[in-house]
Amino acid sequence: MLIGGKHVFYEKPLAIVPDDALAIIETARRHDRYLGVCFQNRMNPAARIEAKRLLDSKKYGEIRSAMGLVAWDRHGTYYTGSDWRGRYATEGGGCIIN
């Protein structure tokens, strides 16, 4: 999706199905536009502090790459309390719907 030739910064998720994500990426490439996707919790103090502690400790040797997984529970009232929060029908469900 290209709107007015602008660079685009998406809130997660980029798409519900992989083909849609690939189409978005290809559109950005074809029009020489920047495309970014936000995962707003990546810089939470708890995640940064623990990552730095692990890196500094060298407990696992030299870390060249990493992937993190955060799991928490949000009850149904979290999603029904505001119209803007993710819905299965529009965001596809799962842990990154909102």
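How about the range 30-51: which of its residues are farther than 19 Å from Trp72 by Cα and not in a loop (DSSP other than H, G, I, E, B)?
Across the range 30-51, the qualifying residues are Arg30, Leu35, Gly36, Val37.
Give me the residue from the range 1-29 that is without any contact (Cβ under 8 Å) to a residue 24 or more places away in the chain, in a loop (DSSP other than H, G, I, E, B) and more than 20 Å from Ala89 (Cα to Cα) and, out of that set, farthest from the chain's Cα centre (by Cα).
Checked the range 1-29; the qualifying residue farthest from the chain's Cα centre (by Cα) is Gly4.
For Ala66, which of the numbered conditions (1) surrounded by 10 or more Cβ atoms within 10 Å (Cβ to Cβ); (2) under 24 Å from Phe9 (Cβ atoms) fails to hold?
Every listed condition holds for Ala66 apart from (1).
Would you confirm whether any residue within the range 52-65 is among the hydrophobic types (A, V, I, L, M, F, W, C), within 21 Å of the chain's Cα centre (by Cα) and not in a loop (DSSP other than H, G, I, E, B)? Don't jump to the end; show me each part of the working.
Within the range 52-65, the first condition is being among the hydrophobic types (A, V, I, L, M, F, W, C), and the residues that meet it are 54-55, 63.
If we keep only those that are within 21 Å of the chain's Cα centre (by Cα) too, we end up with none.
No, the conditions are met nowhere in the range 52-65.
Cβ-Cβ distance below 7 Å, separation of 6 or more or different chains: which pairs start in the range 30-54 with a residue that is within 15 Å of Glu11 (Cα to Cα) and end on one that is part of a loop (DSSP other than H, G, I, E, B)?
Tyr34/His7; Val37/Lys12; Val37/Leu14; Cys38/Lys12; Phe39/Lys12; Asn41/Val70
Values in this text are rule-based calculations from the coordinates and carry no lab data. Since the model is a prediction, treat every value here as computed from it, not as a measurement. Please note: Cβ atoms are built from the backbone with ideal geometry, for glycine as well, and neighbour counts cover all protein chains shown.
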